[in-house]
Amino acid sequence: MDNPQFRSGFVTILGKPNTGKSTLMNRLIGEKLSITSPKPQTTRYNIKGILNRDDCQIVFIDTPGYLKPRYKLQEKMQDLWSESYKDVDLILFMSDIISFPTDYDLEVLELLKKIPIPQIAVFNKIDLQKDYSREFFINQLPESCSKAFFISATRGDGVPELMEAMLQFIPYHPPYYSEEQLSDLPMRFFAQEFIREAIFNYFSQEIPYSTAVLVEKFKELDDKIHIDAVIWLERESQKPIIIGKNGAGLAKIRDYAEQQLTNFMGVPVMVHLWVKFKPKWRKKPSDLKELGFK
């Protein structure tokens with residue numbers, strides 16, 4: 001890279017669950033990397049999405065929502081949250097104009113006061129709230145947040161202006177990754193995430209939160225990809241719910257995952273699913289390690 005005007009850096013997106021962090025990152029990079037659902041706590045990992053333009057490369061870090069941990073999995077998610085803003089160039093504090101300020105919002109803002117990294121506030125979901133006072137939201141922010149933007153991550157309103165503001169905080173630097181890269185995560189990771197997204201979309205109450213997905217085989221052939229994955233459940237009573245009558249529930253998960261992964265990977269994807277009873281996996285360090293949590 002011989003362009004001295006090229007910018008390259010890291011931006012982390014922080015906030016409470018279900019504010020649209022994943023939707024925003026997907027829109028910024030123009031690809032669906034983070035899974036989304038209307039349910040909170042969908043994101044369990046720090047997911048890097050890489051935006052490549054002629055003038056810049058920005059690595060966005062989508063984080064689990066900030067919350068008070070109730071079991072080991074959530075403790076691991078909060079550890080990832082704390083790691084996400086180390087050595088970045090900019091922090092996006094994200095909330096939505098419908099519920100702000102919640103106790104979680106105020107806790108995050110209190111933490112941000114102590115972090116010596118440039119910060120921008122982003123208030124999402126303006127498409128769902130017609131009347132609001134920008135002054136009210138800005139007045140709640142600490143001095144550490146230098147700017148505030150009001151957007152709709154779903155529709156894209158206000159996102160170009162946010163993008164241009166972010167660029168001012170990104171240093172002049174050669175790219176950190178190849179311009180063909182969208183993430184530093186392997187395809188196996190995205191396979192398990194799209195399967196998990198199907199579970200979040202099709203099942204309610206505790207089922208999505210007490211399930212995990214582990215890809216056991218990822219085989220790339222010349223014209224297709226074969227994926228074998230296991231869905232972990234915490235209770236045996238959940239198994240007939242996931243499988244459904246005559247396997248209809250499992251078929252819905254498989255069909256959704258195959259469609260999403262085929263679109264994402266650009267080749268036909270075949271998904272084979274199994275269901276496994278794994279009691280209290282959210283509380284067991286050995287099980288969490290197998291899922292990729294350190």
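The values are calculated or read from the model by the stated rules, or taken from the named source; none is laboratory data. Quantities reported herein were computed from a predicted structural model and do not represent experimental measurements. Quick reminder, even Gly has a Cβ in these numbers, built from the backbone with ideal geometry, and neighbours come from all protein chains shown. Heavy atoms of the whole protein, side chains included, go into the accessibility calculation; ligands, DNA and RNA do not. Shrake-Rupley method; radii C 1.70, N 1.55, O 1.52, S 1.80 Å.
Only residues that are farther than 21 Å from residue 199 by Cβ and β-branched (Val, Ile, Thr) were counted in the stretch 2-55, giving 6. Restricting attention to the stretch 29-52, does a residue exist that is assigned to a helix (DSSP H, G or I), at pLDDT 90 or above and open to solvent by 10 Å² or more (accessible area, probe 1.4 Å)? Yes, the stretch 29-52 has at least one match. Filtering 221, 185 for residues that are among the hydrophobic types (A, V, I, L, M, F, W, C) and touching a residue at least 24 places away in the same chain (Cβ under 8 Å) leaves a single hit, 185. If I filter the stretch 132-143 for residues that are free of Cβ contacts under 8 Å to residues at least 40 places away in the same chain and of a type in the set (Ser, Thr, Tyr), do I get at least one hit? So far as the stretch 132-143 goes, yes, one or more of its residues are free of Cβ contacts under 8 Å to residues at least 40 places away in the same chain and of a type in the set (Ser, Thr, Tyr). Going residue by residue through the stretch 142-158, is there one that turns out to be of a type in the set (A, V, I, L, M), closer than 12 Å to residue 92 by Cβ and in contact with a Ser or Thr (Cβ under 8 Å, 6 or more places away or on another chain)? Yes; the residues of the stretch 142-158 include at least one that is of a type in the set (A, V, I, L, M), closer than 12 Å to residue 92 by Cβ and in contact with a Ser or Thr (Cβ under 8 Å, 6 or more places away or on another chain). Quick one: would you say residue 170 is assigned to a loop (DSSP other than H, G, I, E, B), of a type in the set (Val, Ile, Thr) and out of contact with any helix residue (DSSP H, G or I) (no Cβ under 6 Å at 6 or more places or on another chain)? Taking the combined requirement at face value, the residue satisfies it. Those residues that are out of contact with any Pro (no Cβ under 8 Å at 6 or more places or on another chain), open to solvent by less than 10 Å² (accessible area, probe 1.4 Å), hydrophobic (A, V, I, L, M, F, W, C) and closer than 14 Å to residue 273 by Cβ, I need them from the stretch 180-214; list them, please. Within the stretch 180-214, 191, 194, 195, 198, 212, 213 qualify. If you go through the stretch 142-167 and keep only what is open to solvent by 30 Å² or more (accessible area, probe 1.4 Å), in contact with a strand residue (DSSP E or B) (Cβ under 7 Å, 6 or more places away or on another chain) and in a loop (DSSP other than H, G, I, E, B), you end up with just 144.
Filtered by the rule that a residue be open to solvent by 60 Å² or more (accessible area, probe 1.4 Å) and hydroxyl-bearing (Ser, Thr, Tyr), the stretch 100-132 gives 104, 132.
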